[in-house]
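Engineer: This is the structure I want to talk about, given as structure tokens.
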Amino acid sequence: MRGVLEFTYLTLLLIWTVICRTEPEAKLLMVTVASNATDGYHRFMRSARIYGYNVETLGMNQPWAGGDMNSAGGGYKINLLKRFMEKYKDDSKTLVLFTDSYDVIITASSKSVIKKFHQTKSRILFTAERFCWPDTTLSNQYPPVMGSSKYLNSGGFLGDGKSIYEMLTVHDVADTDDDQLYYTKLFLDADMRNDLGINLDYENEIFQALYGSEDDVKVRFREDDAYILNVEHNTEPALIHGNGLSKETLNMLGNYLARSWTPVKGCMKCQEDVIDLTKLDTLPAVCMGIFIEKPTPFLTEFFERITQQDYPKDRIHLFIHNTEEYHRNHVTNFTNNVAGYASVASKEPTDVLSEAEARNQAAQETITHDCDFHLSLDSEAMLTESKTIGLLVQLNRTVVAPMLVRPGFLWSNFWGALSDEGFYARSEDYGEILDYTKRGIWNVPYIRNAYMIRSDVIKNHFVPFVEQGVADVDITWCKNMREQGRLMYLSNLQYYGHLVNSESFDITLTKPEFYQLVNNKLDWEYRYIHQDYNTVKQPDTIVEQPCTDVYWFPLVTPAYATDLIAIMEGYGKWSNGKNDDARLQNGYENVPTRDIHMKQVGLERQWLLFLKDYVRPIQEKLYTGYYHDPPQAIMNFVVRYKPDEQPALRPHHDSSTYTINIALNTPNVDYEGGGCRFVRYNCSVVETRLGWTLIHPGRLTHFHEGLPVTKGTRYIMISFVDP
């Protein structure tokens, strides 16, 4: 019995000892200062909510009294905090974490922060950074320490309420005095530093100031979250501060941190704050500004894509700015043939409106028409996704661009990073965003060509477009947006369309789009390749064979035929149909025609690519076992047959492995007679089809002739492939 009592007594004593020695769980209060609820502030608050912090915001919706923060200033923050901390002046139990907000992201829970803080044995712990600011002359007064971050940064500090209040009340501070200088002088006073128990977070256990340390921080992932690893100290800071010139680095990191994006979960923030359009009786109104600031190929198709947008036209107001006389008819044809839009306003070259003025006017039209969103579209932005407007509205971001890329090029409508000079630099994730390996909504430093701005941004915080030296208007605008702390986003959640390349577009040419196969292949195909061509490519599609080993299939559109004829007739230098031909290397043509070579009109390069990409795949399907990539062709020309000029062509072999013959106009409509007769098989193809091509062997087996044209003019495109 005695042993039982002794055991019970010892057990109770042990429990009592543990209870007495266990400190109550510390309470942590997060405090920040912000005058406006900017995107940066919302980002900060989101990160704080995710990790369970209660945040007290001081100064919200009050005029900022702390001076220009691009230089010395910020004493206003001290005075706001001082007044707030009066209630904690005797409270040594409550921990207070003070932090900036516009350029800060939280990445860990308060529990982990409290644990790390107690391990430092500090009463007050400040962020450490690499630069001594704002008074660089004080740098030699800092205590010598190991590591690169040894100077005080006031953007984040943590301590008990009583100690922080004591620190705030050592001296009076004017609102426009510098807050960091105030804290720095306290720290550099050894007696004051010891009395207040101030330390710096030299190893970035809790605080990470990014400026100067960008190369030391790496994003790492744990299942549904991302965190920052400081590789210099092998630590995981909990508060990431984009101090100084590191704002864009913070913005890039913010694309991943605070459960924004992970490889496992993808984009976790993308469905936050979106608008469910299916629950709205009336869709938001959109003011669409269309800007034609340079000659742009395929503008007809651009306008076609606009009219195909699956969004109520009566909820769209159009504003068009055109500076190019060349495009006047394109704009007129569009505005004269569209109906149903809420309004249409058009500014032509004679209106003498600068690009910046036009973009500002379009933005103001958003307010005038009481629209909810402003969509800015440059003429290079080809929106092939018909739901683009609705998809952007649904995202409900302050400023968001749909990702558009030049097909086949690493050229897009956004920059992932900035160089030291403020121009393009490639971010580590640029390629992965570009090829959709990573999908999401990304904070980026520069957007152009297509973007949607929410109307409240225009009403309350609009950054106007300005002309500034030789810099593009969009570069200047994005720079000003960044300087004012406005965040810009890019969405690659969908494929919205692509960018047209206008750099090589030469409007002095006849039918200049015809020359764009190399630089704008996708749009060139859309206009010029027959809609049934891809069906012909399928292995199980049977291709018509009007004569033995002569095949017939749709290849190009009527627009191709019409434009090629216009180019040739515009050039006008048809050969004389005689054997002597200075265009040929040997100066002699055995079977002459009235023709113009593709080389003469600058289309040789385009034609050879055409053979490789569109003719060769069908040839390989039809003539099994013959492969030659790329195909070669020296003789590529348009032939003109007329009764009074050259109506026919005598029987002959072609100097080719195979020949293609594209019909550029229609029998019994544009001409009568004509056709091709294969002598050996006594087989004629006379009812040729516009845009269809004949393909047949050139030598030995397919001796053929051109049948007489009796009325009108017949045009055909001929190529002797692999001579």
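Engineer: Restricting to the range 303-343, name every residue that is modelled with pLDDT of 95 or more, surrounded by fewer than 16 Cβ atoms within 10 Å (Cβ to Cβ) and of a type in the set (Val, Ile, Thr).
Structural biologist: Across the range 303-343, the qualifying residues are 307, 332, 335.
Engineer: Would you please list the contacts, defined by Cβ atoms under 6 Å and residues six or more apart or on different chains, that run from a residue in the range 28-53 that is farther than 20 Å from residue 460 by Cβ to a residue that is assigned to a loop (DSSP other than H, G, I, E, B) and basic (Lys, Arg)?
Structural biologist: 50/259
Engineer: Name the residue that is farthest from residue 53 (Cα to Cα), counting only residues in the range 128-166 that are of a type in the set (S, T, N, Q) and touching a residue at least 40 places away in the same chain (Cβ under 8 Å). Explain how you work it out, then say what you get.
Structural biologist: Within the range 128-166, the first condition is being of a type in the set (S, T, N, Q), and the residues that meet it are 136-137, 139-141, 148-149, 153-154, 163.
Pick out the ones that are also touching a residue at least 40 places away in the same chain (Cβ under 8 Å) and you get 141, 148-149, 153-154, 163.
Values: 141: 36, 148: 30, 149: 27, 153: 22, 154: 20, 163: 21 Å.
Among residues in the range 128-166 that are of a type in the set (S, T, N, Q) and touching a residue at least 40 places away in the same chain (Cβ under 8 Å), the one farthest from residue 53 (Cα to Cα) is 141.
Engineer: Look through the range 63-106, keep the residues that are among the basic types (Lys, Arg) and not in a loop (DSSP other than H, G, I, E, B), and return whichever of them is farthest from residue 184 (Cα to Cα).
Structural biologist: It comes out as 87.
Engineer: Would you check if there is a residue in the range 156-164 being more than 39 Å from the chain's Cα centre (by Cα), of a type in the set (D, E, K, R) and assigned by TED's automatic domain parsing to the domain that holds residue 89?
Structural biologist: Yes, the range 156-164 has at least one match.
Engineer: Sticking with this structure for a sec: Residues of the range 36-52 being surrounded by 18 or more Cβ atoms within 10 Å (Cβ to Cβ) and farther than 10 Å from residue 102 by Cα, which ones?
Structural biologist: 46, 47, 48, 50, 51
Engineer: Could you list, in sequence order, all residues of the range 459-471 that are surrounded by fewer than 20 Cβ atoms within 10 Å (Cβ to Cβ) and either in contact (Cβ under 8 Å) with a residue 24 or more places away in the chain or at positive phi (or both)?
Structural biologist: Within the range 459-471, 459, 461, 462, 464, 466, 467, 469 meet the criteria.
Engineer: In the range 196-235, what count of residues is obtained for those that are assigned to a helix (DSSP H, G or I) and either within 27 Å of the chain's Cα centre (by Cα) or polar (S, T, N, Q) (or both)? Can you show your working first?
Structural biologist: Filtering the range 196-235 down to residues assigned to a helix (DSSP H, G or I) leaves 196, 214-216.
Pick out the ones that are also either within 27 Å of the chain's Cα centre (by Cα) or polar (S, T, N, Q) (or both) and you get 214-215.
Summing the residues that are assigned to a helix (DSSP H, G or I) and either within 27 Å of the chain's Cα centre (by Cα) or polar (S, T, N, Q) (or both) in the range 196-235 gives 2.
Engineer: Let me ask something else. Restricted to the range 178-204, and to residues that are touching a strand residue (DSSP E or B) at 6+ places or on another chain (Cβ under 8 Å) and of a type in the set (D, E, K, R), which residue is farthest from residue 231 (Cα to Cα)?
Structural biologist: For the range 178-204, the residue satisfying everything is 178.
Engineer: If you don't mind, another one. Answer yes or no as to whether residue 458 is among the hydrophobic types (A, V, I, L, M, F, W, C) and farther than 20 Å from residue 292 by Cβ.
Structural biologist: So residue 458 fits the description; yes.
Engineer: Also, quick follow-up: Would it be correct to say that residue 495 is among the aromatic types (Phe, Trp, Tyr), in contact (Cβ under 8 Å) with a residue 24 or more places away in the chain, surrounded by fewer than 21 Cβ atoms within 10 Å (Cβ to Cβ) and assigned by TED's automatic domain parsing to the domain that holds residue 568?
Structural biologist: No, not satisfied.
Engineer: If only one of 589, 620, 569 is over 18 Å from residue 697 (Cα atoms) and modelled with pLDDT of 95 or more, which one is it? Steps first, please.
Structural biologist: On the way: 589 fails: modelled with pLDDT of 95 or more; 620 fails: over 18 Å from residue 697 (Cα atoms).
Residue meeting the stated conditions: 569.
Engineer: Something else about it: Which of the numbered conditions does residue 457 fail, given that it passes all the others? Conditions: (1) under 17 Å from residue 481 (Cβ atoms); (2) touching a helix residue (DSSP H, G or I) at 6+ places or on another chain (Cβ under 6 Å).
Structural biologist: (2)
Engineer: I'm trying to understand the selection: among the residues of the range 658-669, which are under 30 Å from residue 612 (Cβ atoms) and in a loop (DSSP other than H, G, I, E, B)?
Structural biologist: Within the range 658-669, 664, 665, 666 qualify.
Engineer: Hey, another quick one. If I filter the range 20-43 for residues that are part of a helix (DSSP H, G or I) and at pLDDT below 75, do I get at least one hit?
Structural biologist: Yes, the conditions are met somewhere in the range 20-43.
Engineer: Next question, about the same structure. Quick one: how many residues across the range 236-260 are among the hydroxyl-bearing types (Ser, Thr, Tyr) and either in a strand (DSSP E or B) or over 14 Å from residue 440 (Cβ atoms) (or both)?
Structural biologist: Here the count works out to 2.
Engineer: Has the range 597-611 got at least one residue that is basic (Lys, Arg) and either exposed (fewer than 14 other Cβ atoms within 10 Å of the Cβ) or outside the structural domain of residue 660 (by TED's automatic domain parsing) (or both)? Steps first, answer last, please.
Structural biologist: Here is the first cut: in the range 597-611, the ones basic (Lys, Arg) are 599, 605.
Filter again for either exposed (fewer than 14 other Cβ atoms within 10 Å of the Cβ) or outside the structural domain of residue 660 (by TED's automatic domain parsing) (or both), leaving 605.
Within the range 597-611 (the criterion being basic (Lys, Arg) and either exposed (fewer than 14 other Cβ atoms within 10 Å of the Cβ) or outside the structural domain of residue 660 (by TED's automatic domain parsing) (or both)), the answer is yes, since at least one residue qualifies.
Engineer: Would you pick out the residues in the range 517-548 that are among the charged types (D, E, K, R) and out of contact with any strand residue (DSSP E or B) (no Cβ under 6 Å at 6 or more places or on another chain)?
Structural biologist: 521, 523, 525, 527, 537, 540
Engineer: Here's something else I'd like to know. For the range 264-285: of the residues being surrounded by 10 or more Cβ atoms within 10 Å (Cβ to Cβ) and outside any loop (DSSP other than H, G, I, E, B), which is nearest to the chain's Cα centre (by Cα)?
Structural biologist: Filtering the range 264-285 for residues that are surrounded by 10 or more Cβ atoms within 10 Å (Cβ to Cβ) and outside any loop (DSSP other than H, G, I, E, B), the one nearest to the chain's Cα centre (by Cα) comes out as 267.
Engineer: Filter the range 582-596 down to residues that are part of a loop (DSSP other than H, G, I, E, B) and either touching a Cys at 6+ places or on another chain (Cβ under 9 Å) or aliphatic (A, V, I, L, M) (or both) and give me whichever is surrounded by the most Cβ atoms within 10 Å (Cβ to Cβ).
Structural biologist: The residue in question is 591.
Engineer: Give the residue that is farthest from the chain's Cα centre (by Cα), with candidates limited to residues of the range 625-646 that are closer than 21 Å to residue 710 by Cα and crowded, with 19+ Cβ neighbours inside 10 Å.
Structural biologist: The qualifying residue farthest from the chain's Cα centre (by Cα) is 646.
Each row is one residue, and each column tells you yes or no for (1) modelled with pLDDT of 95 or more; (2) out of contact with any helix residue (DSSP H, G or I) (no Cβ under 8 Å at 6 or more places or on another chain); (3) over 23 Å from residue 617 (Cβ atoms).
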{"site": "655", "(1), (2), (3)": "no, yes, yes"}
{"site": "668", "(1), (2), (3)": "yes, yes, yes"}
{"site": "684", "(1), (2), (3)": "yes, yes, yes"}
{"site": "691", "(1), (2), (3)": "yes, no, no"}
{"site": "699", "(1), (2), (3)": "no, yes, no"}
{"site": "711", "(1), (2), (3)": "yes, yes, yes"}
{"site": "718", "(1), (2), (3)": "yes, yes, no"}
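The values are calculated or read from the model by the stated rules, or taken from the named source; none is laboratory data. Everything numeric in this text was worked out from a predicted model, so none of it was measured. Note that we place each Cβ from the backbone using ideal geometry, even for glycine, and neighbour counts take in every protein chain shown.
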